[in-house]
Amino acid sequence: MGTGSRTWIHSFTYLCFILAFLGFLHSFISPKLTVNHQIVRIKKAAATPLRFRSDGTFKILQVADMHFGNGKLTRCRDVLRSEFEHCSDLNTTRFLERMIELENPDFVAFTGDNIFGSSATDAAESMLQVFQPVIKSGIPWSAVLGNHDQESTMSREELMSFISLMDFSLSRTFPSDEDYPKMKMDGFGNYNLKVNGAPGSSYANRTVLNLYFLDSGNRAVVNGIRTYDWIKESQLNWLRRTSKKLQEEHLNFEPSMVFFHIPIPEMRQGPMYDIVGEYREYIACSQVNSGVLKTLTSMVDVKAVFIGHDHKNDYCGRLQGLWFCYGGGFGYHGYGTPGKPRRARVVLVELKKGRSTWGRAKMIKTWKRLDDEMNTKIDEQILWAK
């Protein structure tokens with residue numbers, strides 16, 4: 001046999017060996033490198049930046065304390081038999097769907113205790129169910145954590161990372177500031193979102209509204225006594241720094257609004273003025289006063305704060321000139337008042353109308369919607385006007 005023939009046979013044998021080896025990799029190893037044989041899907045991103053509508057308005061739906069468990073298997077709390085024949089987490093889902101359809105918000109803000117950890121067998125699955133209605137709607141949304149979210153199968157950092165990866169979510173685990181090291185920030189879910197003016201206006205590409213989100217923590221022990229957590233100095237430093245930057249970028253910038261879960265001690269101490277809504281339970285907050293009110297009132301841009309945690313409270317009240325508003329208990333697996341409908345808060349920001357175009361923000365309004373037959377609108381009020 002000639003040298004050329006032997007070379008051809010060796011090449012053919014080598015090629016067959018390579019093909020057989022690749023077939024082995026495809027048949028036995030490749031399936032193990034996939035995730036449940038599912039196609040990897042890219043997150044559906046919300047349109048950014050957020051912006052006002054062409055009619056000069058921007059509407060936010062606040063959803064507080066959904067307390068979701070395991071869906072249809074999780075029973076409701078504090079609901080009369082005369083209210084519902086059957087009641088589960090699905091009632092919470094239907095309420096959110098109705099609010100989105102009725103109010104048609106531009107943005108949805110979830111202010112903590114999105115799931116009730118001890119009732120949620122799988123935190124990720126419960127979170128997916130909680131946010132499914134807003135994801136399905138395609139409306140931009142974001143969330144912060146409460147004191148119950150981490151009580152299931154995921155840590156607070158894992159939860160915020162997971163939430164930030166969901167479709168149309170604008171949530172963040174850490175601030176976006178590249179020059180602000182993550183290691184200096186307490187908590188997970190401290191960030192801000194800017195909202196641009198109306199399309200076609202001179203403010204179309206400029207920030208006219210700012211939204212701060214803070215992690216108020218879960219529980220803590222102080223001097224051997226269990227208490228609720230509090231917003232830390234590192235978070236307040238970030239707030240002051242971000243506010244100052246806004247003032248530098250936009251002369252006399254206002255307004256900003258703040259969203260977090262646990263009320264601050266100053267709300268319990270009072271006095272609060274001009275209360276609109278129901279004050280039905282003692283304010284549950286930390287024993288530690290970390291100076292949140294002092295910081296917020298020193299920031300000229302902040303006009304209103306929106307919180308959750310105390311389900312039976314749904315009022316707005318002024319504290320040292322700054323409005324603090326409860327969302328009211330939204331979820332049916334969270335405690336409430338039997339015979340009283342669950343509720344949601346709506347916030348509407350309006351722009352000033354010029355001769356031919358929309359200008360800066362001029363007014364913040366708010367009201368609540370009840371989960372009754374008429375989805376009754378109650379307690380409409382003005383929080384800020386310029």
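The values are calculated or read from the model by the stated rules, or taken from the named source; none is laboratory data. Here the structure is a predicted model, which means the values were calculated and not measured. Glycine gets a Cβ as well: all are built from the backbone with ideal geometry, and neighbour counts include every protein chain shown. These area figures cover heavy atoms from the full protein model, side chains too; ligands, DNA and RNA do not enter into them. Shrake-Rupley method; radii C 1.70, N 1.55, O 1.52, S 1.80 Å.
Table for the structure above
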item: Enumerated strands (runs of 3 or more DSSP E) restricted to region 301-362, each holding at least 3 residues that are touching a helix residue (DSSP H, G or I) at 6+ places or on another chain (Cβ under 7 Å), under 19 Å from SER88 (Cα atoms) and open to solvent by less than 40 Å² (accessible area, probe 1.4 Å); result: none
item: Residues satisfying the stated conditions in region 55-87, i.e. under 19 Å from ASN375 (Cα atoms) and within 23 Å of the chain's Cα centre (by Cα); result: LYS59, ILE60, LEU61, GLN62, VAL63, ALA64, ASP65, MET66
item: Single condition ASP122 does not satisfy, out of (1) acidic (Asp, Glu); (2) more than 19 Å from the chain's Cα centre (by Cα); (3) open to solvent by less than 10 Å² (accessible area, probe 1.4 Å); result: (3)
item: Long-range neighbours under 7 Å by Cβ, at least six apart or interchain, first residue farther than 19 Å from ARG226 by Cα and in a loop (DSSP other than H, G, I, E, B) within region 147-162, second modelled with pLDDT under 95 and not aliphatic (A, V, I, L, M); result: SER152/GLY117
item: Candidate set: region 69-119, residues that are within 20 Å of ILE163 (Cβ to Cβ) and without any contact (Cβ under 8 Å) to a residue 40 or more places away in the chain; chosen: the one surrounded by the fewest Cβ atoms within 10 Å (Cβ to Cβ); result: SER118
item: SER234 under 29 Å from LEU348 (Cβ atoms), in a helix (DSSP H, G or I) and touching an Asp or Glu at 6+ places or on another chain (Cβ under 6 Å); result: no
item: Per-region count, region 193-229, residues in contact with a Pro (Cβ under 9 Å, 6 or more places away or on another chain) and open to solvent by 60 Å² or more (accessible area, probe 1.4 Å); result: 2
item: Test: residue in region 22-42 that is open to solvent by less than 90 Å² (accessible area, probe 1.4 Å), at pLDDT 65 or above, closer than 30 Å to PHE259 by Cβ and part of a loop (DSSP other than H, G, I, E, B); result: no
item: Index of the failed condition, ILE139 passing every other in (1) at pLDDT below 95; (2) among the β-branched types (Val, Ile, Thr); (3) farther than 30 Å from SER286 by Cβ; result: (1)
item: GLU248 vs. criteria open to solvent by 40 Å² or more (accessible area, probe 1.4 Å) and acidic (Asp, Glu); result: yes
